[in-house]
Amino acid sequence: MVGAIEMTERTGTFVLGLGAQKAGSPWLHAQLNRRRDAEFGFLKEYHIHDARTLLEAGFSNRRMRSLIKPRTWVRQRFIAQLQRYYDYFSSLLRRPGIQLTGDITPSYSPLSIRKLTEIKANCEQRKICLRPVFLMRDPIERIISSQRMKLRKQDLLNHEAEVEALRQLCVE
């Protein structure tokens, strides 16, 4: 009976997407977001917890600057005041018919246990059920996918360039 009461008090489920990059997070996001009872908000990857972790650790390299640059003013407010991030997702779950939301940011996978526990506590405080999802992919397929993306960004994607780039990776 206690378990049933706890579940009925829940306002919904928050999916925390973790894992390897190039492992299918756009696919997972699209599949979950198709549900009628899902609302993932304005981004797939919010990059809040990784950006805050780097800020707290005092990093000032290019990677950190790219994480905290203002993609949106709302995201900047989440980074500045973390409670706004949780309140935002809580507000999505209060919309009629919405039971599922989340943040699928693969680079959350190296977050510390302390940080993950903090995320869980903030969800529980708002009566939100946290469901972490760890995405994985065959390492060779990840390398090939990453290489194709790099070539595509350079407008060099063709069979010969792909084979040569992969050969170079094998030599290194």
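Nothing in this text is a laboratory measurement; each read-out follows from the coordinates by a stated rule. Source: prediction; values computed, not measured. Here the Cβ is made from the backbone with ideal geometry for all residues, glycine too, and neighbour counts use every protein chain on show.
For the reader, a short list of remarks on this structure follows.
- Residues within the stretch 138-172 that are touching a residue at least 24 places away in the same chain (Cβ under 8 Å) and touching a helix residue (DSSP H, G or I) at 6+ places or on another chain (Cβ under 8 Å), tallied: 2
- Test: Arg95 is loosely packed, with under 13 Cβ neighbours inside 10 Å, in a helix (DSSP H, G or I) and not aromatic (Phe, Trp, Tyr): no
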